[in-house]
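The values are calculated or read from the model by the stated rules, or taken from the named source; none is laboratory data. Keep in mind the model is a prediction, meaning the values are calculated, not measured. Here the Cβ positions follow ideal geometry from the backbone for every residue, glycine too, while neighbour counts run over all protein chains shown. Please note that ligands, DNA and RNA were not included when accessible areas were found on the heavy atoms of the full protein model with its side chains. Shrake-Rupley method; radii C 1.70, N 1.55, O 1.52, S 1.80 Å.
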Amino acid sequence: MRTIALFGGSFDPPHLGHEAVVTALLSLSEIDKVLIMPTFLNPFKSSSFAPAQKRLRWLKEIFCTYKNVFIDSFEVQKNEKVPTITTVEYLLESYDKVYVVIGADNLKDLQKWYKFDELKRKVVFIIASRDEITVPKEFKKLLVKQDISSTALRSTMNKDQLCKINAEEIMNYYKEKNDK
């Protein structure tokens, strides 16, 4: 069976927490590939801080040496908000099983996702641990020991929380954005 873990999100900015999720996913025997897919624009947001093409490039550079990890530009190329169900249907054309990976902090809004009931029939959700949030038993829990929030990181720009590849460029980009 061909399986894929879809790890989508804004990655605005990408950080060590994202890298920790990918590393944890690679340890799961039921996952053949990890697909990282940055959004053009998060369906729950009105804007991004870094442009989609820049976030896509950063992710390609950060994960280029990871085996069985791929960066997909499907949502970025759409140039609009893309609901997860649309991405899952695209992936089910090539894969037998799709796991959708989200951080536990996103559980509170999961029911608001477009066509959520249909989505949960088509995928298995993997919930990455965050902020000691309890993961309900109907979901597969992924233990991740990096509690980093992109939102908080944009204001602090703590270089120690950024991926080593491109850390300086990413930090400078957000500092410059914050100074404007």
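Note on Lys141: aspartates and glutamates with a C-alpha under 16 Å away, same-chain residues under 8 apart excluded, are Glu30, Asp105, Asp131, Glu132. Taking only protein heavy atoms and a 1.4 Å probe, the accessible area of the range 42-113 is 46% carbon and sulfur. Peptide packing for 13-23, 102-112 was compared via the average number of neighbouring C-beta atoms within 10 Å per residue; ordered from the highest value, the list is 13-23, 102-112. Computed on the range 49-121, the Cα convex hull volume stands at 132 Å³ per residue. The mean accessible area for residues of the range 90-160, using a 1.4 Å probe and ignoring ligands and nucleic acids, is 62 Å² per residue. Helical runs assigned H by DSSP (4 residues or longer) give the chain a calculated mean residue ellipticity at 222 nm of -10000 deg cm²/dmol, each run adding -39500 (n - 2.57) before division by the residue total.
Can you flag which of Lys45/Lys115; Lys33/Lys175; Lys60/Lys115; Lys78/Lys137; Lys122/Lys164; Lys115/Lys145 are past 28 Å Cα-Cα? Listed pairs above 28 Å: Lys33/Lys175; Lys60/Lys115; Lys78/Lys137; Lys122/Lys164; Lys115/Lys145.
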